[in-house]
Amino acid sequence: MSKSSQNGSSTTTATSSPKMEKFSRTIHLDEIVLLGLLLLSGAGIALTDFAPSKGFWYWVAMAPLFWGGSIFMEWSRVKQRGESRFKIIRRQIIHWVGYLVAVHLVFLLNYTGRMNSADAGLVALLVLAISTFFAGVYSDWRIIFVSIFLGSAVAGAALVEEFIWLALIPVVVIIVAAIVWWHYRKKHPRNK
């Protein structure tokens with residue numbers, strides 16, 4: 001805030017503070033991370049649909065990326081909540097190692113012949129959707145949008161496998177519209 005004097009009176013004008021600029025920059029980076037996770041998820045869905053046997057390695061590779069995205073988005077809010085960064089990293093590591101174990105068990109069912117490759121890929125995707133949902137619950141609520149996208153992909157594949165991409169297009173549009181709307185509302189709040 002800056003003060004100026006005119007005719008002996010003092011007025012205060014608002015200026016952009018460095019903390020607000022850093023917050024705004026963090027919001028933009030968070031949205032880029034979310035978009036990246038959505039795009040990687042879409043690539044994984046396509047891979048699982050067209051080459052289910054390769055889906056295992058893709059979903060295993062997603063664990064560190066989703067872990068990193070969750071940590072990145074949660075990192076800036078650590079001090080606000082009064083948590084230690086070590087506790088957050090430990091919680092996220094345990095969470096995503098649990099995801100890896102679950103995916104390994106799914107593909108163990110595939111390897112032993114109890115589940116076919118296409119179903120194993122979809123169940124691995126479901127495990128990622130649930131893991132991402134819980135990461136969003138205790139990390140950053142916006143990560144839940146990624147889990148909704150992933151869960152919708154599983155539901156779409158289960159209901160209409162031939163038309164999965166047509167089913168995903170409205171979901172992607174809704175998610176992107178929700179993120180844009182949320183960002184717009186933050187920049188232009190209503191005055192009641």
- prompt: Which of the peptides 58-69, 123-134, 100-111 is most tightly packed, and how do the rest follow, judged by the mean count of other Cβ atoms within 10 Å per residue?
  reply: 123-134, 58-69, 100-111
query: Could you list, bin by bin from short to long, the percent of Cα-Cα pairs of segment 17-187 in 5 Å steps?
result: 1, 8, 17, 20, 19, 14, 10, 6, 3, 1, 0, 0, 0
- request: May I have the count of lysine pairs in segment 17-187 with C-alpha atoms under 23 Å apart, counting pairs 8 or more residues apart or located on different chains?
  value: 8
Ranked by how many other beta carbons lie within 10 Å on average, peptides 139-147, 181-189, 35-43 from highest: 139-147, 35-43, 181-189
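Values quoted throughout were computed directly from the atomic coordinates according to the rules given, and no laboratory measurement underlies them. Owing to the predicted nature of the structure, the values given are computational and were not obtained by experimental measurement. Positions of Cβ are generated from backbone atoms using ideal geometry, with glycine treated the same way; all protein chains shown enter the neighbour counts.
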